[in-house]
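Taken together, the values in this text are just the output of simple stated rules run on the coordinates, not laboratory data. Keep in mind that what you see is a predicted model, and the values were worked out from it rather than measured. A quick note on method: Cβ atoms are made from the backbone with ideal geometry, for glycine too, and the neighbour counts reach across all protein chains shown.
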Amino acid sequence: MLLNEKLKSYHIILASGSPRRQLFFKDLGLDFEIKLKPIKEEYPSTLQHVEISDYLAQLKAQPFKKELKEKDILITSDTIVWHNNKALGKPLNEADAFNILKSINNDTHEVITSVCFTTNTSQKTIHDITKVTFKNLSEEEIKYYINTYKPFDKAGAYGIQEWIGQIGVTKIEGSYFNVMGLPVHMVYQALSEIV
């Protein structure tokens with residue numbers, strides 16, 4: 001039985017403002033509702049690597065917990081870029097975006113996405129890691145990308161599906177969709193196991 005059939009009696013809540021994540025759920029053929037609650041995306045400085053995205057995905061579920069009903073499945077997620085033992089989040093401004101892209105330029109970094117599934121009785125968190133290698137981009141190319149695409153809502157200051165990914169990414173190991181913000185294959189599998 002296909003997933004949308006299995007989930008017919010469930011109410012899926014996607015707590016994400018990301019148009020890319022919303023599109024993935026539409027493409028899976030799932031009925032879902034989008035609900036957003038503001039949250040400060042802060043984490044303890046002791047956390048490293050997947051611990052950060054796992055923590056943030058779970059943190060985003062907190063404000064919803066008291067109101068979840070029996071057949072609700074809340075889905076929250078977070079993506080970080082991990083490079084030189086440091087988490088790179090969303091850029092604060094143009095200068096920050098430039099510095100982030102300069103730092104991952106001509107090098108390999110990891111994109112980590114964590115997805116948290118919360119019901120009124122349980123919580124499960126999964127994550128996926130994809131390695132992405134960039135060529136040596138010129139300063140002109142980086143500035144053009146920032147000015148044209150304004151990647152301020154994206155971890156690591158870039159969208160792989162955009163111009164910079166097309167001209168700059170030389171190698172990818174793992175899920176392409178994970179780099180876009182959702183390891184769709186793992187989400188599909190996790191939802192199949194929940195019901």
Filtered residue count, region 116-136, keeping only those that are surrounded by fewer than 19 Cβ atoms within 10 Å (Cβ to Cβ) and touching a Gly at 6+ places or on another chain (Cβ under 7 Å): 3
Residues of region 173-189 satisfying the condition of being surrounded by 17 or more Cβ atoms within 10 Å (Cβ to Cβ) and in a helix (DSSP H, G or I): Phe177, Asn178, Val179, Met180, Val184, Met186, Val187
Unmet requirement for Leu92, which otherwise passes all of (1) part of a loop (DSSP other than H, G, I, E, B); (2) aliphatic (A, V, I, L, M); (3) touching a His at 6+ places or on another chain (Cβ under 9 Å): (3)
Exclusive hit being under 17 Å from the mean Cα position of the chain (by Cα) and over 15 Å from Ile129 (Cβ atoms), set Lys90, Lys102: Lys90
Residue in region 158-167 that is crowded, with 19+ Cβ neighbours inside 10 Å, part of a helix (DSSP H, G or I) and touching a Lys or Arg at 6+ places or on another chain (Cβ under 6 Å) present: no
Residue match in region 139-149 (condition: in contact with a helix residue (DSSP H, G or I) (Cβ under 7 Å, 6 or more places away or on another chain), under 24 Å from His185 (Cα atoms), hydrophobic (A, V, I, L, M, F, W, C) and touching a residue at least 12 places away in the same chain (Cβ under 8 Å)): no
Qualifying position, being free of Cβ contacts under 8 Å to residues at least 40 places away in the same chain and of a type in the set (A, V, I, L, M, F, W, C), among Ala95, Ala190: Ala95
Residues within region 137-157 that are surrounded by 12 or more Cβ atoms within 10 Å (Cβ to Cβ) and assigned to a loop (DSSP other than H, G, I, E, B), tallied: 6
Residue match in region 74-89 (condition: of a type in the set (Ser, Thr, Tyr), free of Cβ contacts under 8 Å to residues at least 24 places away in the same chain and closer than 26 Å to Phe177 by Cβ): no
Region 34-46 - residue that is free of Cβ contacts under 8 Å to residues at least 24 places away in the same chain and touching a Leu at 6+ places or on another chain (Cβ under 7 Å) and, of those, nearest to Leu92 (Cα to Cα): Tyr43
